[in-house]
Amino acid sequence: MRVLRETGEENGLLGQSVLKTGWDRPAPAGKENRGDEGGAVSQRFGGFFTEKRGWRVDAAIRVPQQAQEIIEKLNQCGFEAYVVGGCVRDSLLGREPEDWDITTSAKPFQVKEIFGRTIDTGIKHGTVTILRGKIGYEVTTFRIDGVYEDGRHPKSVEFTSDLLEDLKRRDFTINAMAYSRKTGLIDAFGGTDDLRDGRICCVGRAQERFTEDALRILRALRFSAQLGFEIETETEAAVRLLAPNLAYVSKERIQTELTKLLLSPNPDHMRMVFDCGVGTYVSETFAKLDPDRIAVDPQLPSRKALRWAALLRHVGPETAGRILRELKMDNDTIARVRLLTEWWRRPLGNTEAEIRRVMSRMSPEAYDDLLLLKESVLRYGRGAQRSGTQDEAREIPEWDAIPETSADIARIKAQTAEIRGRGDCVSLKMLAVTGQDLIALGMRPGREIGTALEAMLAEVIKRPERNTREYLLRKFAGDGGVD
Ligand code: ATP
Ligand code: MG
């Protein structure tokens, strides 16, 4: 086991005693000697790592006061306790962790005794949540996962008093580190080296780990996209070999991982999903996507519907909808993606009236997303990427062509701002007349009213100044004598 400690001025690798990992991984070719690039590397990790001085562990891992108190209380009762997993990884990377998980030698009933008010979050797997204000800290007993029976879940779990056993069951080296102020960083599997070198690598034999739980295959690809890391050779070979085991993973979990990948700074890593042979096993229709047409602009805002629409734009709304239904996506997102994949190639128009018409067909948010998607295609289409030119519509291949140029989009944005600035009517909600007005005038509720309101909207889209009660009621609900 390797323990990284900081003592005064002396930072970095101390106490590099290997206790019992039983597993020595050779350094990958070409990565042994990275020279003295201390400055650059240091910046990459928020200043917490330099080649010369190693990791500034205690500076990087800022355990929240409340988590610290939980750890200290467990210690006072004679138990070991550490923060573990994602929070340690993210802290060392100089990223703000989302949540702080705690791992302890105390059994769940002991944790409950010590803290009184707790929530049985995953009691069977040893997890109880301790609430501190609005934040819940998950405290999980050191455990050994039993035999995996369905390619996804262990049949049973066994509690242990050995931290190393707990770290061994975790998926990747960078996720298998624990830390406490008292002990320092416990890095038994080379997690810090893999962080430094930008590598996703399984703890232990990759084939075994993916056979136990096939979700890890997608987690490998997802972390590689989120962190911009490469996948270590043996791990990648196992991804390819065991991709068919994705059949054991629920569609919801597959979708969650793919969404995280798409929302990451490297959404184009979706191509790796296909390169590694995983695409075929995501879902029946997803398998038919053309990997050569995957181009998701990393500058596109990190929103679910927008990024899925960018990924699926070439297959059109029907197939996009089918893929997302197969992946158990929520209906709201499916509707948004369908709309965007339907409209991304359609012309928005030249005149303000034409633009208002498009605006009237969707919500303001969807319309803004549509502009963003069109812009991103111009900026980041595969053609633009290949030729190395930015924003040259003629470089974009036919299958990624849209009617507008970037100059058109700039013009349309300006027109949109004008339309919105004036408050031109672009929806039934903005009409000066309501259904109630028409009922008051004696119209029967139902289709007739709907048709009348639609006719009014069509009129004011052409002539926004006509959006007055007086005009509209006279023309559409009165004697029709105007105009
Ligand atoms: P994020 O929260 O950003 O998704 P994370 O690493 O915190 O990343 P979680 O799913 O929250 O991921 O899991 C917390 C920790 O539990 C991981 O860091 C890892 O140590 C372990 N873990 C999670 N899922 C698995 C798995 N399928 N197999 C093995 N270990 C896992
Ligand atoms: Mg997490």
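Every read-out reported here was derived from the displayed coordinates using simple, explicitly stated rules and does not represent laboratory data. Keep in mind it's a predicted model, so treat the numbers as computed, not measured. Here the Cβ positions follow ideal geometry from the backbone for every residue, glycine too, while neighbour counts run over all protein chains shown.
What the phi angles of region 237-243 give under the Karplus curve with 6.51, -1.76 and 1.60, with θ = phi - 60°, is a coupling list of 4, 5, 4, 4, 5, 9, 3 Hz, glycine and proline written as x.
Treating each Cα of region 425-483 as an identical point scatterer and ignoring solvent, apply the Debye formula and state log10 I(q)/I(0) at q = 0.27 Å⁻¹. Summing over Cα pairs of region 425-483 leads to -1.20.
Of interest is the spacing of the C-alpha centroids, which for region 407-478 and region 241-269 amounts to 44 Å. Less than 14 Å apart at the alpha-carbon level, and either on another chain or at least 8 residues along: which aspartates and glutamates does that give for LYS304? By straight Cα distance, LYS304 reaches GLU257, ASP330, ASP332, GLU365, ASP369. Comparing ALA432, LEU327, GLY46 along the charge dipole axis of the chain, the residue lying farthest to the positive side is ALA432, per the Cβ-charge model. Orientation-averaged projection of region 225-362 equals 8.9 nm² [convex hull of Cα atoms, one quarter of hull surface area].
Each Lys and Arg adds +1 at its Cβ and each Asp and Glu adds -1 at its Cβ; summed about the Cα centre, region 294-422 shows a dipole of about 280 debye.
Computed per residue of the chain from DSSP H runs no shorter than four, each worth -39500 (n - 2.57), the mean residue ellipticity at 222 nm is -12500 deg cm²/dmol.
Most exposed first by the Cβ proxy, i.e. fewest other Cβ within 10 Å, how do TRP343, TRP399, TRP308 rank?
With the sparsest Cβ surroundings first, the list reads TRP399, TRP343, TRP308.
Only aspartates and glutamates eight or more places from LYS155 in sequence, or on another chain, were considered; those with a Cα closer than 14 Å are ASP145, GLU212, ASP213. The base-10 log of I(q)/I(0) for region 294-422, evaluated at q = 0.14, 0.16, 0.18 Å⁻¹, reads -0.60, -0.78, -0.97 [Debye formula, identical scatterers on Cα atoms, solvent excluded]. One chain, two ends: LEU371 and GLU354. Fully extended at 0.36 nm per residue, the span grows by 4.6 nm beyond their Cα-Cα distance. Compute the label zone of LYS182 within region 66-88: residues whose backbone N is under 14 Å from the point 7 Å along Cα-to-Cβ. What the label zone holds, given the 14 Å backbone N cut-off, is 68-83. With a threshold of 29 Å on the Cα-Cα distance, the over-threshold entries among LYS112/LYS134; LYS288/LYS374; LYS328/LYS462; LYS260/LYS429; LYS134/LYS374 are LYS328/LYS462; LYS260/LYS429; LYS134/LYS374. For the chain, a crude dipole built from +1 on the beta carbon of Lys and Arg and -1 on the beta carbon of Asp and Glu, taken about the Cα centre, is about 820 debye to the nearest 20.
Once you charge only the Cβ atoms, +1 for Lys and Arg and -1 for Asp and Glu, what is the size of the charge dipole of region 73-158 about its Cα centre, to the nearest 20 debye?
Once rounded to the nearest 20, the dipole reads 260 debye.
For the chain, which longest stretch is free of loop sites, where a loop site is one of the GluC sites (Glu not before Pro) that DSSP puts outside H, G, I, E and B and that has at most 12 other Cβ atoms within 10 Å? Excluding the exposed sites themselves, the longest stretch runs over 285-483. Computed 3J(HN,Hα) for region 458-463, one whole-Hz value per residue from the Karplus formula 6.51 cos²θ - 1.76 cosθ + 1.60 where θ = phi - 60°, is 4, 5, 6, 5, 6, 10, glycine and proline marked x. Panel order for ASP332, ASP99, by other beta carbons found within 10 Å of each beta carbon, from fewest to most: ASP332, ASP99. Quick note on region 77-129: its Rg to Rh ratio, both from C-alpha atoms and Rh being the Kirkwood radius, is 1.04. Backbone phi angles across region 428-433, fed through the Karplus curve with coefficients 6.51, -1.76 and 1.60 (θ = phi - 60°), yield HN-Hα couplings of 4, 4, 8, 4, 6, 10 Hz in residue order; Gly and Pro are listed as x.
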